[in-house]
Amino acid sequence: MKNLQECVDFVKTQVTFHERKAAYFERGLARYPANQKRMEAHREMAAKFSELWAFLMAMHIDGTAAPSRNVRPLRLGLTPEEIDGLPAELLEELSISEADKADFAVLSVIDEAGGVLSLDKILIALYRKTGEINKRTQLNSRIYRMMQKGMVYSVNGRKGVYSTRELTEAEVESLS
């Protein structure tokens, strides 16, 4: 669904559907007593969708539907900060792959540079940090996967520039 109004419309159709189904099963109760549970289930769903509809309408009216830019999606994966300083025995028990370690290296070089870095500078920083020469295409693919995980963000309007958090328009404009 593309916007709040589409969500509101969908929820309203669900309310109507479940109310009609409850009425249908209620009409046949004398003949089919087993439909009591179906009727109750549809009434319950209609009530829940009705509550959701009221909530969505309230959001729509008071303008609180716009998501905050500071809200980050929940991340299930580990971050370098979470594993930093852990004993070797525990690190061996964790499922940290070589790919995770490479992701952590990319994150750390971006963070060390202030949170925003171009692909070229990431390549240079990784070489200086690890001594390994990364292929541009492989690093680009890695960063793309990291973006999908919410670990790094592409800077709007800047090709090949990445950050460890979403930047505001003012911050993007201030980049030289």
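Any read-out appearing in this document is the output of simple, stated calculations on the displayed coordinates, not a laboratory observation. Bear in mind that the values here come from a model prediction, so they are computed numbers and not experimental data. Here the Cβ positions follow ideal geometry from the backbone for every residue, glycine too, while neighbour counts run over all protein chains shown.
Looking only at the range 115-136, filter to residues that are exposed (fewer than 12 other Cβ atoms within 10 Å of the Cβ) and under 29 Å from the mean Cα position of the chain (by Cα); which one of those is farthest from GLU166 (Cα to Cα)?
My answer is LYS135.
Just the residues that are in contact with a Pro (Cβ under 9 Å, 6 or more places away or on another chain) and without any contact (Cβ under 8 Å) to a residue 12 or more places away in the chain, please, taken from the range 106-126.
Listed by number, the list is empty, since nothing qualifies.
Look at the range 137-176 and say how many of its residues are surrounded by 13 or more Cβ atoms within 10 Å (Cβ to Cβ) and more than 19 Å from the chain's Cα centre (by Cα).
Adding up the residues that qualify gives 8.
Write out, first by first residue and then by second, each pair whose Cβ atoms fall under 7 Å of each other, whose residues are 6+ apart or on separate chains, and whose first residue, in the range 127-150, is among the small types (Gly, Ala, Ser) while the second is not in a helix (DSSP H, G or I).
Pairs that qualify, where the first residue is among the small types (Gly, Ala, Ser) and the partner is not in a helix (DSSP H, G or I), are GLY150/ARG72; GLY150/PRO73; GLY150/ARG75.
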